[in-house]
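The values are calculated or read from the model by the stated rules, or taken from the named source; none is laboratory data. Please read all numbers here as calculations on a predicted model, not as lab measurements. Here the Cβ positions follow ideal geometry from the backbone for every residue, glycine too, while neighbour counts run over all protein chains shown. What goes into the accessible areas is simple: the full protein's heavy atoms, side chains included, and nothing from ligands, DNA or RNA. Shrake-Rupley method; radii C 1.70, N 1.55, O 1.52, S 1.80 Å.
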Amino acid sequence: MKYSPLIAILRGVTPDKVLDIAEILIDNGINIIEVPLNSPSPLKSIELLVEKFSDKALLGAGTVLKASEVYDLFNIGAQLIVSPNTNHEVIQETKRLKMISIPGCFTSSEALEGLANGADALKLFPASSLGPNTFNAINQILPEKTKCFAVGGINHDNMKQWIDVKITGFGIGSNIYNPKMTILEIKNKVKKLNNFVGNQLNQVSF
């Protein structure tokens, strides 16, 4: 399956709303969705997503900090594990269970450590502090075709700077969803972001 270069981060989503929001995302071409584990009842939300959309999207969790959490997510059918840090135990457990691993990194050492432990892609976090110029320098020493997603503080105003330095894609949180948004607001933001990125970046495969 080919995936959008956008990862939708549904921080704070609740099980009663997650399917409606995911449907908007998938209908508009955004088919990588993570529910951070510090959201209300995250496992229930992810389980609902897997039951309805597993054939249409790459689904899983963010803010995964422990290997035991990876196993819990595997048991409900999640396929994607995203972390804010580079934890070799989390990465290795994710790959042992044949799931997709996207650990967070901020330095060249963390980036290379993540890849050495089997990461499928890297999450540059927080991207707003790292900046596209620093990423461009780090990217020079990464293996060719390493997938890198900028996450944290990403919006329409700074996306082009990252695209210019060959970022793979973006993780979008509050600029695509927060619990106070109406369905109409979410639809408008999703369409605007996907239209922009779809014309600038290629789809992704894992």
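Rounded to the nearest 0.05, what FRET efficiency do Lys44 and Met1 give with R0 = 25 Å and r taken as the Cβ-Cβ distance? Could you check?
Working: r = 25 Å, r/R0 = 0.98.
Using R0 = 25 Å, I get an efficiency of 0.55.
Using Cα-Cα distances under 8 Å and only pairs 6 or more residues apart, what relative contact order does the chain have, in percent? Each step should come with its number before you reach the end.
Numbers: 403 pairs, mean separation 46.7, N = 206.
RCO, the chain: 23 percent.
Under 11 Å from a point placed 7 Å out from the Cα of Asp27 along the Cα-to-Cβ direction: which residues of region 172-206 have their backbone N that close?
184, 187-188
Expressed as a rounded percentage, what relative contact order does region 85-165 have, with Cα pairs under 8 Å and six or more residues apart? Walk me through the intermediate numbers first.
Numbers: 109 pairs, mean separation 21.7, N = 81.
For region 85-165, the relative contact order is 27 percent.
Could you sort Met99, Met1, Met181 by accessible area so the largest value comes first, with the probe set to 1.4 Å? Intermediate values should be presented prior to the final figure.
Working: Met99 5, Met1 115, Met181 30 Å².
Result, largest first: Met1, Met181, Met99.
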